[in-house]
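Here the structure comes first, spelled out in structure tokens, and everything after it is commentary.
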Amino acid sequence: MKNNNPIVIPRNHKVEEALIAANENNLELLKNLLTVLENPYADQKNILDYQYPLPITEKRFQTFCGT
């Protein structure tokens with residue numbers, strides 16, 4: 001299963017957070033996200049923040065995939 005299931009996936013809230021920061025000329029979050037996603041199957045340092053979904057108390061995202 002470890003070979004087929006990534007440790008990190010691009011969560012909507014983390015992608016949007018990085019894009020908002022990039023639009024404000026802060027590329028640090030985007031660089032960090034891209035670095036983590038370069039090797040999503042490997043155990044990396046500082047990835048805990050990228051492994052969990054958005055807490056229930058925060059904004060919800062609606063996506064339209066696969067249609």
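The values are calculated or read from the model by the stated rules, or taken from the named source; none is laboratory data. Please read these numbers as outputs of a predicted model, since none were measured by experiment. So basically every Cβ, Gly included, is an ideal-geometry build from the backbone, and we count neighbours across all protein chains shown.
Quick notes
- Pairing each residue of the stretch 28-54 that is over 12 Å from PRO10 (Cβ atoms) with any residue that is small (Gly, Ala, Ser) and at pLDDT 90 or above, provided the two are 6+ apart or on different chains, yields C-beta distances under 6 Å for LEU29/ALA18; LEU29/ALA21.
- The residues listed here are ASN39, ASN3; of these, the one that is within 14 Å of the chain's Cα centre (by Cα), part of a loop (DSSP other than H, G, I, E, B) and polar (S, T, N, Q) is ASN39.
- Among all residues of the stretch 49-58, there is none that is modelled with pLDDT of 90 or more, exposed (fewer than 10 other Cβ atoms within 10 Å of the Cβ) and not aromatic (Phe, Trp, Tyr).
- The residues listed here are VAL15, VAL8; of these, the one that is surrounded by 15 or more Cβ atoms within 10 Å (Cβ to Cβ), touching a residue at least 40 places away in the same chain (Cβ under 8 Å), touching a helix residue (DSSP H, G or I) at 6+ places or on another chain (Cβ under 8 Å) and within 21 Å of ILE56 (Cα to Cα) is VAL8.
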